[in-house]
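Let me begin by presenting the structure, written as structure tokens, before commenting on it.
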């Protein structure tokens with residue numbers, strides 16, 4: 001006889017669309033298509049990168065906005081108060097995101113890339129850019145707490161504006177100096193960081209909030225969630241796949257021509273994503289946050305804001321720099337790894353107590 005939790009998990013899997021169920025396949029195909037387009041059409045990369053919004057290519061920016069809007073339209077904004085009241089979740093997320101994760105990336109960058117200062121600096125910048133975009137996709141696919149994800153992403157955005165420059169100075173100059181290591185000079189534009197947050201979170205967040213508010217007011221919650229959301233929902237993954245194709249097309253030549261450099265950066269990133277995600281899941285389980293919020297904690301900790309990392313690296317060190325390449329390699333490794341971790345999260349549900357509604 002199957003348990004209530006097993007039945008619920010089976011029901012969730014059964015509700016997945018073909019697009020959701022075979023997402024790893026579509027992502028691999030999108031990566032291959034992007035590499036192929038970049039190789040066949042060498043000028044495509046420069047064309048994609050010719051017009052920028054908040055330091056990121058306009059087509060990629062559009063893909064990110066399309067990707068984020070449906071997820072933020074699903075959030076029940078009138079329920080975010082209960083998330084803010086969860087002090088354990090709030091404090092734990094802030095500590096992991098702004099203390100432990102950046103320190104761990106700093107350690108990995110120096111352990112794996114001691115002889116490559118440009119790539120090392122790029123990875124440290126990636127570690128400082130906390131996720132405000134794709135994490136919403138991974139959290140949604142893993143059946144995490146949408147309201148908690150929206151609140152944690154908003155908090156990360158505020159901290160990003162306030163703390164990114166200070167942490168960059170600390171990890172690139174102060175801490176290496178204390179440890180007797182070479183330092184790196186870098187100027188971070190607060191205006192550029194603020195613009196990145198406003199564009200990549202502010203626009204889709206406002207659109208999602210207004211859609212939810214006026215949609216429910218006009219037609220009611222039942223219509224909004226049963227009729228409207230299923231129509232716009234698939235666009236999140238369409239936007240994700242479109243963005244992946246463009247990212248790989250933009251950097252396809254670099255990836256193919258410098259495979260060893262990409263591999264050397266990929267290894268610490270792989271370790272980072274797996275360890276930080278695993279730590280988030282274990283900490284959430286130990287704190288008895290429940291599956292949904294534990295999953296949200298883990299994904300918001302493991303994901304990174306590659307839009308900001310790329311924009312900062314390009315603005316500070318130049319588009320052809322090793323720092324910029326490290327920023328680009330970040331999402332190329334993050335996307336397939338975090339997709340795999342979505343399935344790990346769903347598998348781990350059996351280790352969490354069933355929701356109260358499923359007991360008895």
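Brief remarks follow.
- Single unsatisfied condition, residue 44 versus (1) crowded, with 24+ Cβ neighbours inside 10 Å; (2) farther than 17 Å from residue 269 by Cβ: (1)
- Qualifying residue in segment 54-68 (condition: modelled with pLDDT of 80 or more, outside any helix (DSSP H, G or I) and in contact with a helix residue (DSSP H, G or I) (Cβ under 9 Å, 6 or more places away or on another chain)): no
- Some residue of segment 83-96 being at pLDDT 75 or above, under 20 Å from residue 232 (Cβ atoms) and crowded, with 18+ Cβ neighbours inside 10 Å: no
- Residues that are touching a residue at least 40 places away in the same chain (Cβ under 8 Å), within 19 Å of residue 78 (Cα to Cα) and out of contact with any helix residue (DSSP H, G or I) (no Cβ under 7 Å at 6 or more places or on another chain) do not occur anywhere in segment 246-263.
- Answer residue from segment 151-181, given it is at pLDDT 85 or above and either under 20 Å from the mean Cα position of the chain (by Cα) or closer than 23 Å to residue 77 by Cα (or both) and is surrounded by the most Cβ atoms within 10 Å (Cβ to Cβ) among those: 152
- Among the residues of segment 99-117, those identified as under 18 Å from the mean Cα position of the chain (by Cα) and under 14 Å from residue 302 (Cβ atoms) are 100, 101, 102, 104, 105.
- Search result, residues across segment 97-127 that are touching a residue at least 24 places away in the same chain (Cβ under 8 Å), surrounded by fewer than 23 Cβ atoms within 10 Å (Cβ to Cβ) and outside any helix (DSSP H, G or I): 116
- Sole residue being modelled with pLDDT of 90 or more and under 25 Å from residue 77 (Cα atoms), chosen from 208, 290: 290
- The combined condition, being more than 19 Å from the chain's Cα centre (by Cα) and crowded, with 17+ Cβ neighbours inside 10 Å, is fulfilled by residue 261.
- Selected residue (criterion: nearest to residue 80 (Cα to Cα)) from residues of segment 280-297 that are in a helix (DSSP H, G or I) and out of contact with any helix residue (DSSP H, G or I) (no Cβ under 7 Å at 6 or more places or on another chain): 292
- With respect to the conditions (1) touching a helix residue (DSSP H, G or I) at 6+ places or on another chain (Cβ under 7 Å); (2) at pLDDT below 80; (3) closer than 29 Å to residue 74 by Cα, residue 190 lacks only one, and its number is (3).
- Conditions (1) modelled with pLDDT of 80 or more; (2) in contact with a helix residue (DSSP H, G or I) (Cβ under 6 Å, 6 or more places away or on another chain); (3) farther than 19 Å from residue 244 by Cα: number failed by residue 333: (3)
- Output for segment 22-45, where each listed residue is farther than 21 Å from residue 237 by Cβ and modelled with pLDDT of 75 or more: 38, 39, 40, 41, 42, 43, 44
- Residue in segment 128-145 that is without any contact (Cβ under 8 Å) to a residue 40 or more places away in the chain and either crowded, with 22+ Cβ neighbours inside 10 Å or farther than 30 Å from residue 317 by Cα (or both) present: no
- When segment 99-130 is filtered for residues that are under 17 Å from residue 266 (Cβ atoms) and in contact with a strand residue (DSSP E or B) (Cβ under 6 Å, 6 or more places away or on another chain), only 126 remains.
- Those residues of segment 239-254 which are farther than 30 Å from residue 96 by Cβ and either touching a strand residue (DSSP E or B) at 6+ places or on another chain (Cβ under 7 Å) or surrounded by 16 or more Cβ atoms within 10 Å (Cβ to Cβ) (or both), in sequence order: 242, 245, 246, 249, 250, 252, 254
- Test: residue 319 is modelled with pLDDT under 90 and over 20 Å from residue 194 (Cα atoms): yes
- Test: residue in segment 256-272 that is assigned to a loop (DSSP other than H, G, I, E, B) and modelled with pLDDT of 85 or more: no
The values are calculated or read from the model by the stated rules, or taken from the named source; none is laboratory data. Values in this document were obtained by computation on a predicted structure and should not be read as measured data. Counting neighbours? That spans all protein chains shown, and the Cβs are built from the backbone with ideal geometry, glycine included.
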